[in-house]
Amino acid sequence: MRWPGAFVALVLAVGLAGTAIALKSREGDTQFVARQQDLVPVGPAALERLMVTTSDPRPGYGGRARGASCSTASSGVLGDPWTCEVRYPRLPRVRYRVTVYADRSIYGSGQPEGRPLGGQLTVRGCCVGGP
């Protein structure tokens, strides 16, 4: 009588382990998450609206962005990676490589055009709207 119960417990344990592995393999797939959440595609105008809310991250510089131009070569829902050129009150412009996550938050890093710095400039924000 003990062996049938052990067999059922073994089958349940194997099933749970398989489920956990399958879910873990899908965890980092942003395109899969986007399809599951039925996200509206990210458009350049929506990302540009978020990028112009950023402040100049360069040491000794200040002020809000005055404009942005974003483009992507990707046809995915989130469009990653994006290239955004942001104009701040003082030149030069800053070119960022931006990633949009499934929760619509962004992270980007970049350099001023023509005047590279020792480290990367970063930009973070939330949340990109639809197209």
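The values are calculated or read from the model by the stated rules, or taken from the named source; none is laboratory data. None of these values were measured; they are calculated from a predicted model. Every residue, glycine as well, gets a Cβ built from its backbone with ideal geometry; the counts of neighbours run over all protein chains shown. SASA here: full protein model, heavy atoms, side chains in, ligands and nucleic acids out. Shrake-Rupley method; radii C 1.70, N 1.55, O 1.52, S 1.80 Å.
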Worksheet, complete the sentence: Expected single match for open to solvent by less than 40 Å² (accessible area, probe 1.4 Å), on the phi > 0 side of the Ramachandran plot and modelled with pLDDT of 90 or more among Gly79, Gly43 is Gly79
Worksheet, complete the sentence: Checked region 94-131 for anything modelled with pLDDT under 90, of a type in the set (A, V, I, L, M) and closer than 22 Å to Ser74 by Cα; matches are Ala102
Item to complete: Kindly establish whether Val128 is out of contact with any Phe, Trp or Tyr (no Cβ under 6 Å at 6 or more places or on another chain), open to solvent by less than 80 Å² (accessible area, probe 1.4 Å) and of a type in the set (A, V, I, L, M, F, W, C).
Response: yes
Discussion item. Among the residues that make up region 97-107, is at least one of them touching an Asp or Glu at 6+ places or on another chain (Cβ under 7 Å) and either surrounded by fewer than 22 Cβ atoms within 10 Å (Cβ to Cβ) or more than 16 Å from Cys127 (Cα to Cα) (or both)?
Written reply: yes
Practice prompt. May I ask you to verify whether Val86 is in contact with a helix residue (DSSP H, G or I) (Cβ under 6 Å, 6 or more places away or on another chain), open to solvent by less than 40 Å² (accessible area, probe 1.4 Å) and modelled with pLDDT of 90 or more?
Written response: yes
Worksheet item: Taking only pairs six or more apart or across chains, which ones have beta-carbon atoms under 8 Å, a first residue in region 70-98 that is farther than 15 Å from Arg49 by Cα, and a second residue that is open to solvent by less than 30 Å² (accessible area, probe 1.4 Å) and basic (Lys, Arg)?
Response: Val94/Arg58
Item to complete: Could you name every one of the strands (runs of 3 or more DSSP E) located completely within region 33-102 that has at least 3 residues being of a type in the set (S, T, N, Q)?
Response: 67-72
